[in-house]
Amino acid sequence: VSTQSTWGFKLRKIEMAFRSDRHIQKRQIVEAKRQDFTQKIKAEFNMKSKAEWENKTDVVIEEKIVRKKVDELKREHEAQLEQRRQKLVEMLTLEEKQYEQEFFSNLETPEQVREKMAKRLQELRSKREQARKDEVERRKETQFRKGADELRKLDAKFMATNTKLDQEQQMLEKLSRQEAEMQEEQLYSKLCEVDLAQKAKREIEEKEARKKQVEERMKVLNWQKDTREAQRTNEFRNEKKEKEMLKQQWGEEDKLSLIHISEPTRPLYISYAVFCLKKK
């Protein structure tokens, strides 16, 4: 009886040891799952931070490329301006040289100036003499006409007819100018009407184009808003699921910890072979 009791006591000890080992294994499995989950979360966080960093670096690189391109364009523009300045300077110097040559070539000597002044004086004297002769002839003719009554009457009639002809000519010119002005006014009025119609048409087309642009922008903004709301809802659902999973895991861990604490202190694990050797 004593041997059976000892054997039963030993078997119970072995069963208790195996039971505690199972609890430990379960606890280890739960901890491994939790570690895997935390590692996944850390990996996702690292991937997200890496993606953000890559996006930031891409933006910085694009800005540097744009700045470099702008600087290159500025340098090219400055070089072109410098080339144009050099060309203008060369053209100005060439024109100055040409003007100097022309000035020196046209520069007259004192003898040439005297000759020109003598020629001009001779021309003025001849013109003055001719004007004096014409004035003498005119006065002789007027004196002769004043002495003859018939010639004076004919001259008066001739002057009256000339004045009438001049008046008629002036009236005709005035009428033609008025007709031309009226035609121009009609043409300008037609052109103004055409311009106003074209302007109204352009304004209508611009309004329609602006309206289309506003509608397209509103569509894009609504689409962006819907996508953002969908992303937010998905993120909220994922966070809720993660929180529920974490709560479940933490509850299971709390249960296991309570079970482990409530169990008695187990003895050291002894294999079956060692147990048989000790028995012998």
Pairs needed: first member in segment 63-85, on the phi > 0 side of the Ramachandran plot; second member anywhere, surrounded by 10 or more Cβ atoms within 10 Å (Cβ to Cβ) and outside any helix (DSSP H, G or I); C-beta distance under 7 Å; at least 6 residues apart or different chains. none
Answer yes or no as to whether Gln122 is open to solvent by less than 100 Å² (accessible area, probe 1.4 Å), among the polar types (S, T, N, Q), on the phi < 0 side of the Ramachandran plot and in a helix (DSSP H, G or I). no
Please work out if Thr109 is surrounded by 10 or more Cβ atoms within 10 Å (Cβ to Cβ), out of contact with any Gly (no Cβ under 7 Å at 6 or more places or on another chain) and among the β-branched types (Val, Ile, Thr). no
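The values are calculated or read from the model by the stated rules, or taken from the named source; none is laboratory data. Every value quoted in this text rests on a predicted model; they were computed, and no experiment measured them. Quick reminder, even Gly has a Cβ in these numbers, built from the backbone with ideal geometry, and neighbours come from all protein chains shown. We work out accessible area using only protein heavy atoms, side chains counted, and drop any ligands, DNA or RNA first. Shrake-Rupley method; radii C 1.70, N 1.55, O 1.52, S 1.80 Å.
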